[in-house]
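Here is the structure we will look at, set down as C-alpha cells.
The values are calculated or read from the model by the stated rules, or taken from the named source; none is laboratory data. From a predicted model like this one, the values you see are computed outputs, not experimental measurements. Neighbour counts are summed over all protein chains in view; Cβ atoms, including those assigned to glycine, are modelled from backbone coordinates with ideal geometry.
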Amino acid sequence: MNSSLSTASAYVLGHSDPEVQRLENQARFIGDLTDDILRRAGLAPGMRVLDLGCGSGDVSFLAASLVGPGGSVLGIDQAPGVIEKARERARHVSLDNVRFDVASVADFDLAEPVDAVIGRLILLHLPDPAATLRRLAAQAGASTLFVFHEMDMSTARSLPESPLCAQGLHWIRETFRRAGVETDMGSKLYSTFRRAGLPGPQMLLSGRFEGGPDSFAYRYMAEVLRTLLPLAERFGVASADAVGIDTFAARLRDEIVALDGIMQPPAFIGAWARVA
C-alpha cells in the first residue's frame, strides 16, 4: 500500500448517499454469490454472527436469513450514516435478529461470544487484515467460523476485448492501487488466514458473465468509476473529460453489444475456516 490516504480505517470510496446506493445495487448483483459462500461455509439456524464492515446491511441480512429467529447478527461499520440506514432497513422489514453498531473494524474487540465472523469486500481496505483476524480469532475462541468474500480485480475483462472496457478497468484498478487498496484480495485470503493463525481455509471462486443490451454489468462498472472519479483525477489516473461518466455505461453497452461480446466483472473468492 502506497498512498498517504490509507489509514487504519479508511474506506476510499467514502459514504455519500450515491455510494451507499451503489453498494446496495452491487449487493443485488452479487448477493447470490455471497449467499452461496455463507451456506457452504456452514452458517446455520441459531448461530451468533458478527459482520465486519456491514455498510447498510446487505450481508448482515443474508446472514440473518440463514441463522433464523433463534440466531442473531451484529453488523459493525465506522460510518454512523450507513449504520442508521442499516437500522432503518431492518426496521422496515421487521427484522428482529439483526442489529447494527458504529465501530471500527480495524480495532474492534468482541464484547460477547459469536459463532461466526463474516465480511464481504472489507479485508481489501484494511492495512493489516491478518492482524485484525488474528485478534478476533484469539477473542472468539475455538470452533468460531471465519467467512470472507473478496474479489480479484485483475480477473475482470471483456471478450472479444472492448477498448472502452479495458480502459475503464485500467482506471479502476490503478486508482484503487494508488489509494492503497489490495486489488486482488481474493487470491490472498489463504495466506491471510494462515498469517492470522487460522487453518488454511476452504475456498471457492465464482463470478458473473454478462452480455446483451440489458445487463446491469455496464452500469456496475460506471457506478464504480463515478465514485472513484475524484480520486482518479487527484492521482492523475484519468480526467473527467476522458472518462465521460454520464455516457460511459451506454457507450460500454453499445461497444460490447456491437462485438456480440461478454463482460466478466471481477471474480469473487470466498474463504472459510474454523478457529482450531
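Against the test of being touching a Lys or Arg at 6+ places or on another chain (Cβ under 9 Å) and over 21 Å from TRP272 (Cβ atoms), the options PHE100, PHE61 yield a single qualifying residue, PHE100. Residues in segment 54-73 that are outside any helix (DSSP H, G or I), small (Gly, Ala, Ser) and surrounded by fewer than 24 Cβ atoms within 10 Å (Cβ to Cβ): GLY68, GLY70, GLY71, SER72.
Could you say which residue among VAL147, VAL181 is under 18 Å from ALA41 (Cα atoms), in contact with a helix residue (DSSP H, G or I) (Cβ under 8 Å, 6 or more places away or on another chain) and either in a strand (DSSP E or B) or of a type in the set (A, V, I, L, M) (or both)? Residue meeting the stated conditions: VAL147. Of all residues in segment 34-51, which are within 24 Å of VAL12 (Cα to Cα) and either surrounded by fewer than 24 Cβ atoms within 10 Å (Cβ to Cβ) or of a type outside the set (A, V, I, L, M) (or both)? Listed by number, the residues that qualify are THR34, ASP51. Restricting attention to segment 250-265, the residues being within 16 Å of ALA156 (Cα to Cα), surrounded by fewer than 23 Cβ atoms within 10 Å (Cβ to Cβ) and either free of Cβ contacts under 8 Å to residues at least 24 places away in the same chain or within 26 Å of the chain's Cα centre (by Cα) (or both) number 3. Can GLY211 be described as at positive phi and either touching a strand residue (DSSP E or B) at 6+ places or on another chain (Cβ under 9 Å) or modelled with pLDDT of 95 or more (or both)? So GLY211 does not fit the description; no. Residues that are touching a strand residue (DSSP E or B) at 6+ places or on another chain (Cβ under 7 Å), aliphatic (A, V, I, L, M) and surrounded by fewer than 22 Cβ atoms within 10 Å (Cβ to Cβ) within segment 138-155 comprise ALA140, LEU145, listed in sequence order. In this structure, does VAL20 turn out to be over 25 Å from PRO201 (Cβ atoms) and either part of a strand (DSSP E or B) or in contact with a helix residue (DSSP H, G or I) (Cβ under 9 Å, 6 or more places away or on another chain) (or both)? Here the answer is yes, as VAL20 does meet what is asked.
Condition check ((1) surrounded by 15 or more Cβ atoms within 10 Å (Cβ to Cβ); (2) touching a residue at least 12 places away in the same chain (Cβ under 8 Å); (3) touching a helix residue (DSSP H, G or I) at 6+ places or on another chain (Cβ under 6 Å); (4) more than 19 Å from GLU150 (Cα to Cα)) across all residues:
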{"residue": "GLY75", "(1), (2), (3), (4)": "yes, yes, yes, no"}
{"residue": "ALA79", "(1), (2), (3), (4)": "yes, yes, no, yes"}
{"residue": "GLU84", "(1), (2), (3), (4)": "no, no, no, yes"}
{"residue": "PHE108", "(1), (2), (3), (4)": "yes, yes, no, yes"}
{"residue": "ALA116", "(1), (2), (3), (4)": "yes, yes, no, no"}
{"residue": "ARG120", "(1), (2), (3), (4)": "yes, yes, yes, no"}
{"residue": "LEU136", "(1), (2), (3), (4)": "yes, yes, no, no"}
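Quick one: is SER187 touching an Asp or Glu at 6+ places or on another chain (Cβ under 9 Å) and either in a strand (DSSP E or B) or in contact (Cβ under 8 Å) with a residue 24 or more places away in the chain (or both)? In short, yes.
Yes/no matrix, rows are residues, columns are (1) buried (at least 17 other Cβ atoms within 10 Å of the Cβ); (2) closer than 25 Å to LEU33 by Cα; (3) not aromatic (Phe, Trp, Tyr):
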residue: PHE176; (1), (2), (3): yes, yes, no
residue: GLY186; (1), (2), (3): yes, yes, yes
residue: ARG195; (1), (2), (3): no, no, yes
residue: ARG208; (1), (2), (3): yes, yes, yes
residue: TYR220; (1), (2), (3): yes, yes, no
residue: VAL237; (1), (2), (3): yes, no, yes
residue: ALA240; (1), (2), (3): no, no, yes
residue: ASP246; (1), (2), (3): no, no, yes
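Tallying residues that are part of a helix (DSSP H, G or I), of a type outside the set (Lys, Arg) and closer than 30 Å to GLY42 by Cα within segment 195-250 yields 2.
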